[in-house]
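The values are calculated or read from the model by the stated rules, or taken from the named source; none is laboratory data. For clarity, every value in this text was computed on a predicted model and none was experimentally measured. Every residue, glycine as well, gets a Cβ built from its backbone with ideal geometry; the counts of neighbours run over all protein chains shown.
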Amino acid sequence: MATQPAGSAIATNLGMPSMSYALNRNGLREELDEAASLTIIIPSEVAFGSMPDALYDSPEEMKKLIERHVLRERLDPQQLLGTHRSIAGSDITATADGGRLTLNGRATVLCGNIVTTNATIYVIDSML
C-alpha cells in the first residue's frame, strides 16, 4: 500500500472489499488518489456488514458516509488524538486509553498507521 495513493491502495486491497466497492461506486477513488494529504478511517468488513443493504444502492448516501471517515490532513497516531473535522463536516474525536485508540467514544482502532503515498489509514470496528 505504501507505493500507491490512497484510493488505489484501498481499491486493490483484498482485505477491504466493501470500502473498495464504495470508492469505485461513487467516484471517490479518484478524489482520494488526487488529494495531497489525508487520514482515512475505514470501517471493518464487519462494520460494513451491519449497514442496511439500501445504503449500497445509493451512491450519494454511500459517498456521504465515506466522507464522514476522511480528514484533509495526514495524521500519525499521536497527531490523531483530539478532535478533527472530516471532509463531510462532522467531528471525529480520538482518545487513547491503555494503548487503545478510540474514535468518537465507540469505534476502536483495530489497525492503524497504514501508510500510502498520500494518506495514513486506520481500520475501525464500527461506523462513525
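For the reader, a short list of remarks on this structure follows.
- Matching residues in the stretch 84-98 - criterion: being surrounded by 12 or more Cβ atoms within 10 Å (Cβ to Cβ), outside any loop (DSSP other than H, G, I, E, B) and either within 12 Å of the chain's Cα centre (by Cα) or without any contact (Cβ under 8 Å) to a residue 12 or more places away in the chain (or both): SER86, ILE92
- Scanning the stretch 33-45 turns up no residue that is part of a helix (DSSP H, G or I), closer than 22 Å to ASP125 by Cβ and either at pLDDT 95 or above or more than 13 Å from the chain's Cα centre (by Cα) (or both).
- Against the test of being within 23 Å of ALA35 (Cα to Cα), buried (at least 18 other Cβ atoms within 10 Å of the Cβ) and modelled with pLDDT of 95 or more, the options LEU81, LEU101, LEU71, LEU128 yield a single qualifying residue, LEU71.
- Selection over the stretch 1-16 of residues that are in a helix (DSSP H, G or I), without any contact (Cβ under 8 Å) to a residue 40 or more places away in the chain and either out of contact with any helix residue (DSSP H, G or I) (no Cβ under 7 Å at 6 or more places or on another chain) or under 19 Å from GLU73 (Cβ atoms) (or both) gives a count of 1.
- The one condition in (1) at pLDDT below 95; (2) aromatic (Phe, Trp, Tyr); (3) surrounded by 19 or more Cβ atoms within 10 Å (Cβ to Cβ) that TYR122 fails to fulfil: (1)
- Checklist (1) acidic (Asp, Glu); (2) modelled with pLDDT under 95; (3) closer than 27 Å to ALA2 by Cβ applied to ASP57, failing item: (3)
- Failed item in (1) touching a Lys or Arg at 6+ places or on another chain (Cβ under 7 Å); (2) at pLDDT 90 or above, with ASN26 passing the rest: (2)
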